[in-house]
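Here's the structure we're looking at; comments come further down.
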Amino acid sequence: MDLYQELILDHSKRPHHAGLREPFDAEVHHINPTCGDEVTLRVDVSGEGADAVVTDVSYDARGCSISVASSSVLAEEVIGRPVTEALGTFEAMRTMLTSKGAVSGDEEVIGDGVAFAGVAKYPARVKCALLGWTAFTDALARAGVDISTTSSASPQGVSS
Amino acid sequence: MPDVQPFTDRELAALRGEFPILARSVRDGRPLVYLDSGATSHKPTAVLDAERAFYEQHNAAVHRGAHQLAEEATDEFESARATVAGFVGAPADEVVFTKNATEALNLVAYAFSNAAPTDGPKDERFVLAPGDEVLVTEMEHHANLVPWQELCRRTGATLRWVPVAGDGSLDLSTLPDLLTERTKVFAFTHVSNVLGTVNPVTELAQRAHAVGALVVVDACQSVPHLSVDVSTLGADFIAFSGHKVYGPMGVGVLWGRAELLEVMPPFLTGGSMIELVTMERSTYAPAPQKFEAGVPNAAQAVGLAAAVRWVEAIGIDRIHAHEAALVDALLAGLAERPWVRVVGPPRGVDRGGAVAFVVDGVHAHDVGQVLDDAGVAVRVGHHCAWPLHRVLDAAATTRASFGVHNGLDDVQSLLDALDRVPAIFGIDVDERRAG
């Protein structure tokens, strides 16, 4: 099966940047109510407006290999990047994941995220792969970042 | 039941032939191994035919109209009620058709809160106030938990629950503290949809009645798998779904003792359920019509009646014996795999048709995905029993649940597919064995 790419399994076993760290501007807790997967995620942002940079993303992810690996790749891809670029990566990830397999993803934009292309063929798992990403955009919004330029203003995840 | 045997290979092959969906393949041509009957059962041709025949030959809104089709549709619907009632040992007028089991349980829960504000005489048994208690258990499906939480919130009553012991049974040592004169309702499941535990309904009902509490039983996981006879069960209400007992989706059943249905206020109101309506107020039809507002799900009820006739023709005791043999074989197979932890009662204890387990170190979603890749359909997650999973210290479990068409070959397919899991996710099987 092409779902469990080596890259996904590696990230799920040894998630990068895992753990909750200080300092942070916002913390969110998102769950996938169908399976009970949970992620607590913190973002730390420096700078304002177009100059805003994601200084840190730290998280505690509990769930299936797809959701844990996805949070790991998220942290890998967005830490140290301008917020606008990070949101672009989110958009690209979401486009790929909701394409039902039509979009394979650009490694230049989403890095290790391309390993999740196979997830798009399993509609029940798309939410797992997006859990960390929707938590991330929610956390950015709560940190005061304007995320209205993305269509992510209303994340599909459940916030609590 | 010493004389009741599992199906022979020939009988099983014939039964399988009655389920059109089993002829299809999944995931690139693999045969479908359906082990998710606990979520919903497949439908034999007899049920599909009955629902279609209703629409083709008798279709009309029941309990309305003066034409022949309306008469026939009403007869079909009421005859379905009698059939389904007979299946659980009840008189026809004690069976209410609902949308599903969840609605049936809500119907009872709302009877309690509706009893409070209405004018006129009310039955004290359905009046809840601060100081009163509602007792549930930790192993409930959300459908038999959330409606009671909401009822307590509306009325100020207190929700209490019986804990689950380590072996997957209810910890009945707590009952003297939990089941008291304050308890107005004790709602619990007959068979756990996760653990497979069969609860001692009659004993629990006796103890509840001794303190004056009403007894509501979620029979969703018992009615399809073992003989349920409300005349001896001891409960005051049972709820079950049609679609889990080979019937169509969209029909559930509430059985209630006639004298209770008579005094209960209605849940949903509107057409069909009335006796007399003026602009100011209305009076209501006798039960069960009082609880069936709007044009009912007649075609689905007719389909459900066909399903229970089909089950009766096979024999529920034989179905139980057959599924018990499959459960035992699966438990034996899982016991040979030390990296698998089964939740619920140990081998040898009577169970329902479900076996849930955890592969330590691998999330159930991932286990289910590997099984699905082999064409084996199971349920993963918390199975609408999230509090129970917290007790089990498992975020999610993988659940195989059997139906009448399953055989030992399906058990083997599950075990073979499961054996791929450790390699894919890097679980060291030998280390687990040594440990």
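The values are calculated or read from the model by the stated rules, or taken from the named source; none is laboratory data. Predicted model only: the values in this text are computed from it and were never measured. Ideal geometry is used to build each Cβ from the backbone, glycine not excepted, and the neighbour counts take in all protein chains shown.
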Among the residues of the stretch B:83-135, the number that are of a type in the set (D, E, K, R), modelled with pLDDT of 95 or more and over 24 Å from the mean Cα position of the chain (by Cα) is 2
Which residues, counting only those in the stretch B:363-400, are within 11 Å of chain A (Cβ to nearest Cβ), of a type in the set (D, E, K, R), farther than 17 Å from B:V26 by Cβ and surrounded by fewer than 21 Cβ atoms within 10 Å (Cβ to Cβ)?
-> B:R390
Pick from B:L195, B:L204, B:L151, B:L172: which is more than 22 Å from the chain's Cα centre (by Cα) and among the aliphatic types (A, V, I, L, M)?
-> B:L172
Within the stretch A:40-47, is there a residue that is crowded, with 24+ Cβ neighbours inside 10 Å and either at pLDDT 90 or above or assigned to a strand (DSSP E or B) (or both)?
-> yes
May I ask you to verify whether B:V88 is surrounded by fewer than 23 Cβ atoms within 10 Å (Cβ to Cβ) and in contact (Cβ under 8 Å) with a residue 40 or more places away in the chain?
-> yes
Determine, yes or no, whether B:V134 is closer than 19 Å to B:A101 by Cα and not in a helix (DSSP H, G or I).
-> no
Given the conditions (1) away from chain A (no Cβ under 14 Å); (2) of a type outside the set (A, V, I, L, M); (3) within 24 Å of A:I8 (Cα to Cα), report the number of the one that B:G403 does not fulfil.
-> (3)
Taking the condition without any contact (Cβ under 8 Å) to a residue 40 or more places away in the chain and more than 30 Å from B:D218 (Cα to Cα), does B:D428 pass?
-> yes
Which condition does B:W339 not pass, out of (1) surrounded by 15 or more Cβ atoms within 10 Å (Cβ to Cβ); (2) within 14 Å of chain A (Cβ to nearest Cβ); (3) among the hydrophobic types (A, V, I, L, M, F, W, C), if it passes all the others?
-> (2)
What is the residue count in the stretch B:75-101 for residues that are within 21 Å of B:V47 (Cβ to Cβ) and in a helix (DSSP H, G or I)?
-> 15
Those residues of the stretch A:1-39 which are in a strand (DSSP E or B) and either within 10 Å of chain B (Cβ to nearest Cβ) or among the β-branched types (V, I, T) (or both), in sequence order | A:V28, A:I31, A:N32, A:D37, A:E38, A:V39
Across the stretch A:48-80, the tally of residues that are outside any helix (DSSP H, G or I), more than 14 Å from every other protein chain (Cβ to nearest Cβ), in contact (Cβ under 8 Å) with a residue 24 or more places away in the chain and surrounded by fewer than 24 Cβ atoms within 10 Å (Cβ to Cβ) stands at 7
Quickly run through the stretch B:137-149 and pick out the residues that are part of a helix (DSSP H, G or I) and farther than 16 Å from B:A239 by Cβ.
-> B:Q149
Do the conditions hold for A:F136, that is, is it within 14 Å of another protein chain (Cβ to nearest Cβ) and part of a helix (DSSP H, G or I)?
-> no
Being in a helix (DSSP H, G or I), assigned by TED's automatic domain parsing to the domain that holds B:H405 and among the aliphatic types (A, V, I, L, M) narrows it down to one of B:A53, B:A13, so name that one.
-> B:A13
